[in-house]
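Here's the structure we're looking at; comments come further down.
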Amino acid sequence: KSILIQKIKDTIVDMVFNEDTTVNVKSSVYIADKLGHSYGYLSNLFSEVTYSSIENYIIMQKIERAKQLIIINELSLTEIAFLLNYSSVSHLSMQFKNTTGITPSAFQRIIQKRRANLNSNI
């Protein structure tokens, strides 16, 4: 069971962080196809073992990826939302705020202030 759980997590991380695997199908279909089990089975197993849903894990990974992309500072929030398969920037912003407690824009401002402080100390 724990091996399959790790495979689910690895598949999700690969799906979210690897630009080459930009997913145009629903994540449930992608995960089921990749692991050769029904999504229902995988979802039940994941919840039973981790006490969290696959959907929740996907959201957490997407927010981590969004934070990374904001820190790199090469993409707009619109581009980040598109890259992570969000229907809109507001959907990304809502999940980001629910997960981190702050909006992506506030996170961007914090990163910019830190950069400014680092540069002024050099």
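For the residue pair GLU55 and LYS26, what label-to-label distance in nm results when each label sits 7 Å from Cα along the Cα-to-beta-carbon direction? Distance between the two pseudo-spin positions: 1.1 nm.
Using a probe radius of 1.4 angstrom, the carbon and sulfur fraction of the accessible surface of the chain is 53%. Angle of helix 39-50 to the longest C-alpha principal axis of the chain, folded into 0 to 90 degrees and rounded to 10: 70°. Taken along the Cα-to-beta-carbon direction at a fixed 7 Å, the label points for SER120 and GLU64 span 3.3 nm. Here each label is just a point 7 Å from Cα along the line to Cβ, and for GLN112 and ASN44 those points are 5.0 nm apart. Find how much the distance from ASP10 to SER90 grows on full extension, using 0.36 nm per residue of separation minus their present alpha carbon separation; answer in nm with one decimal. Extending this stretch completely gives an extra 26.1 nm. Using the Cβ-Cβ distance between GLU79 and LYS1 with R0 set to 30 Å, the FRET efficiency from 1/(1 + (r/R0)^6) comes to roughly 0.20.
Taking the 0 to 90 degree range and rounding to the nearest ten, how far is the long axis of helix 104-121 tilted relative to the main principal axis of the chain, both from C-alpha atoms? With both axes taken from Cα atoms, the answer is about 50 degrees. Please compute the net charge surrounding HIS37, taking Lys and Arg as +1 and Asp and Glu as -1 over other residues with Cβ under 13 Å from its Cβ. Taking every Cβ under 13 Å from that of HIS37, the sum is +2.
Considering only ILE110, ILE71, PHE96, the residue lying farthest towards the positive end of the dipole of the chain is ILE110, judged by Cα position with unit charges set on Cβ.
Would you tally the net charge around ILE54, using a Cβ to Cβ cut-off of less than 15 Å, leaving ILE54 out, and scoring K and R as +1, D and E as -1?
Value of the local net charge: +1.
Against the chain, whose longest principal axis comes from its Cα atoms, helix 54-72 is set at around 30 degrees. Bridgeable lysines around LYS34 (alpha carbons under 29 Å apart, same-chain partners fewer than 8 residues away excluded): LYS1, LYS7, LYS9, LYS26, LYS62, LYS67.
The values are calculated or read from the model by the stated rules, or taken from the named source; none is laboratory data. Small disclaimer: the values here were computed from a predicted structure and weren't measured. Backbone-built Cβ (ideal geometry, glycine too); neighbour counts: all protein chains shown. Side chains are part of the model used for accessible areas, which takes the heavy atoms of the whole protein and leaves out ligands, DNA and RNA. Shrake-Rupley method; radii C 1.70, N 1.55, O 1.52, S 1.80 Å.
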